[in-house]
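The values are calculated or read from the model by the stated rules, or taken from the named source; none is laboratory data. This structure is a prediction, so every number in the text was calculated from the model and none was measured. Every residue, glycine as well, gets a Cβ built from its backbone with ideal geometry; the counts of neighbours run over all protein chains shown.
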C-alpha cells in the first residue's frame, strides 16, 4: 500500500462520523450489467467511444458529487481517477459505490461542523469577509483545513440568507441547526436503491442526458405524472446539490399560471396554509419534498424559492392553490386584437395534447390540440383576421402526430419531419391528405423552453418559408426515448433522432429564430447544449418540399423596423436593462458576508427594479408606482400567465408589432407591384 493511500485512509478514519457505508449487493451488480448491456444494444449511438470509459465515468461522478470542489481534496481526486483508469472492464460500479459513500460520509462531517459553528455562534456579521461564488475557476484544495474554511464561510452565508429571508423566524440560528440536523438524518435514511440510482444514472448519462434508470418507485411516479391524477402545483421537480429545483412547468398548472416560477428555481421552504410553520427542505429527499407539495385539490401551499437568476440567493415567497390539472387547462387559447385597421389573431398552444384513450377507442369527437387549433383558425377566417401569431413559448412538446397535423393546417400536404432510427433507417412523417386551413401571414413565437414537437413545428414553418420565426433559440431536444422494462424498474433509452425536412437536426442547436428578441437571462445556461454528454448536431439529406414565397425585401424592411424599435421602444429597453444587470451579476466572483452590506444591496436592488419599471411606465403613459411594495402588490393581482397577456408580456407585444409591420409592408409592396 503506497504512502498516499495510507494517508487517505487515515483521513477517512478522522472523518468517520457514524455514517454506515452501503455495500454493493449482488442483485444491484447484476442489474447494472443488465442496464449497460441494454444501452449498448438498443441506444441510438452504436459507436459509443469506450476508450477510457471508466475514467470518464468517474470524472462525471466527481463533477456530479463535488462540482464546487468543497468536499474532496486534490490527493483524493487524483487517487480515485488513477484507480478508475486501472480498471479493465467498462465501468466499476463497486468503486462508484465507494466514492459515493465517501461523499455522504464527508458531507455528514461538514454538516456536523456547521452545527458546531452554529452552537458556538462566533460569527461576526459585520466583518468584511467574502464567499467565492464563481465556481468555474475553482481548484481542488490541498488540505482539509482549506475545506473547513470554505464551509465556515458557507455557514455564515446561510445565516445571512436566513436572517434576511422574508420567511425568516426570530431564531435563524435554531432554524439553521434544524436544517443541518435534518440533512444528516436524511443521509442516514438512505438505502442501497439511492446509492445505486445515483451511480447508475451517471452511467446512463454517459450515453446521452435523456437515457436514465427509473427505480421501481420512480417508475410508479412516472406513470402517475403521465396520467396527471395527483393534485399538486403542476411542476416537474429534480435535484441539484442539496436543493429540490423546478425542472419544467406543466402547462395550465398552478405554478405556470402564477407567472412567478421558472425552471431552475430552487425550493428552500414549504408552509401549508393554515399552519405557521415553514419547513426548511434544503437537503431533503426529493420524494419527501413532493409529499409536502402534494395535497387535496383546493388546498393552498406557500413555497419559498431562490430564483434561478438571483445574484445573492435572495428568496421569493409564492402561494399556490393545488388542483388537478385537466386537459382543458392545457388547451389552446386564442384572442383577436386590433392594431389600426388590422386584425391579428393569437393562439397560445402550451402543449401538443391528445386524449389518447378516446383516440384509441375511435371516439369521433376526441379532444386534441390539432382539432382545437383548426377550430380557432376557422373562427379567425370567419372574423377576417389578417395575420396569426402561434405562441409556442414554454411548449415542451407532446404527441408527434399532433405536431404533424398542426403543420398541415398551415402548409397543406407534404413532409413535416424525418425520424432516423438507430439502424440508420430514415422515415419521413407528414400527411398527403392535409388541407391548408390558414393561408394568410403567420409568425411563430418561441423561446429556450420550446422543445421537441415545438421545434418540429417551428422548423417546418421555417423550412417551408411559411412564416417568420421570432424569439430565442429553442431547447435543442431532437431525440426520442422509449421505456424498457428491467428485472427491477425501467430504463429510458434514446432510440431515434429528429431531422427537419431541410435535413438539419434540431438536436443540440435547436431552431434559430429569424428575428431574435431580447431576453433577461443567458439562455445558454439551460437547454440541450448545456448538457456535457448531449448528442451532436448533424445533417442528413433534405426531403423534397415546396417552399412558400416570402419577399426578401419585405422581410428585410420588417427586420429594419424591429431593429429601430429595439433602440427606442420602452418595453424592449426594459428587457435589455434587466439582461445587462443579469450579465453583470453572473460574472460576479465574490459575495459579501457583511450583514449591513447585504441589506444595502437588497434595498438597492429593490430601488433599481422600481426605477426601471417606472421609467418604462412613464414612457408608455402608465401611472408610476410610489414604492417597491406597491409594485409587488400590483403584480400579485395581475393577469395570470394562463391568459393571453398583452399588458406586460413584452415579447408577445413586440411580436404583434412585427406581424403588423409585415401586413402593412405587404400592402405597400402589393400597391407598388400594381403601379
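Numbers below:
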read-out: Test: residue in segment 107-126 that is over 25 Å from residue 283 (Cα atoms) and modelled with pLDDT of 95 or more; value: yes
read-out: Single match in 429, 499 (criterion: crowded, with 24+ Cβ neighbours inside 10 Å, closer than 16 Å to residue 416 by Cα, touching a strand residue (DSSP E or B) at 6+ places or on another chain (Cβ under 9 Å) and in the same structural domain as residue 544 (by TED's automatic domain parsing)); value: 499
read-out: Test: residue in segment 353-373 that is under 28 Å from residue 667 (Cβ atoms), assigned by TED's automatic domain parsing to the domain that holds residue 509 and surrounded by fewer than 23 Cβ atoms within 10 Å (Cβ to Cβ); value: no
read-out: Hits in segment 434-460 (condition: within 13 Å of residue 407 (Cβ to Cβ) and surrounded by fewer than 24 Cβ atoms within 10 Å (Cβ to Cβ)); value: 434, 435, 436, 437, 442
read-out: Subset of segment 376-397 that is assigned to a helix (DSSP H, G or I) and touching a strand residue (DSSP E or B) at 6+ places or on another chain (Cβ under 9 Å) - its residue that is surrounded by the fewest Cβ atoms within 10 Å (Cβ to Cβ); value: 379
read-out: Selection within segment 112-147 - part of a loop (DSSP other than H, G, I, E, B), more than 34 Å from the chain's Cα centre (by Cα) and surrounded by fewer than 13 Cβ atoms within 10 Å (Cβ to Cβ); value: 121, 122, 124, 126, 127, 128, 142, 143
read-out: Check on residue 100, in contact (Cβ under 8 Å) with a residue 40 or more places away in the chain, assigned to a helix (DSSP H, G or I) and within 29 Å of the chain's Cα centre (by Cα); value: yes
read-out: Every residue from segment 566-596 that is in a helix (DSSP H, G or I), over 27 Å from residue 525 (Cα atoms) and touching a residue at least 40 places away in the same chain (Cβ under 8 Å); value: 595, 596
read-out: Sole residue being under 17 Å from residue 207 (Cβ atoms), touching a residue at least 60 places away in the same chain (Cβ under 8 Å) and either assigned to a helix (DSSP H, G or I) or in contact with a strand residue (DSSP E or B) (Cβ under 6 Å, 6 or more places away or on another chain) (or both), chosen from 56, 33, 46, 37; value: 56
read-out: Filtered residue count, segment 473-490, keeping only those that are more than 22 Å from residue 427 (Cβ to Cβ), surrounded by 23 or more Cβ atoms within 10 Å (Cβ to Cβ) and in contact with a strand residue (DSSP E or B) (Cβ under 7 Å, 6 or more places away or on another chain); value: 1
read-out: Hits in segment 598-613 (condition: over 18 Å from residue 315 (Cβ atoms) and loosely packed, with under 14 Cβ neighbours inside 10 Å); value: 607, 611
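Okay, residues lined up against (1) without any contact (Cβ under 8 Å) to a residue 24 or more places away in the chain; (2) in a loop (DSSP other than H, G, I, E, B); (3) in contact with a helix residue (DSSP H, G or I) (Cβ under 8 Å, 6 or more places away or on another chain):
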residue: 424; (1), (2), (3): yes, yes, no
residue: 433; (1), (2), (3): yes, yes, no
residue: 439; (1), (2), (3): yes, yes, no
residue: 444; (1), (2), (3): no, no, yes
residue: 462; (1), (2), (3): no, no, no
residue: 469; (1), (2), (3): no, no, yes
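Residue-by-condition table, conditions (1) on the phi < 0 side of the Ramachandran plot; (2) in the same structural domain as residue 451 (by TED's automatic domain parsing); (3) surrounded by fewer than 13 Cβ atoms within 10 Å (Cβ to Cβ); (4) touching a helix residue (DSSP H, G or I) at 6+ places or on another chain (Cβ under 8 Å):
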residue	(1), (2), (3), (4)
510	no, yes, no, yes
517	yes, yes, no, yes
534	yes, yes, no, yes
556	yes, no, yes, no
566	yes, no, no, yes
572	yes, no, no, yes
596	yes, no, yes, no
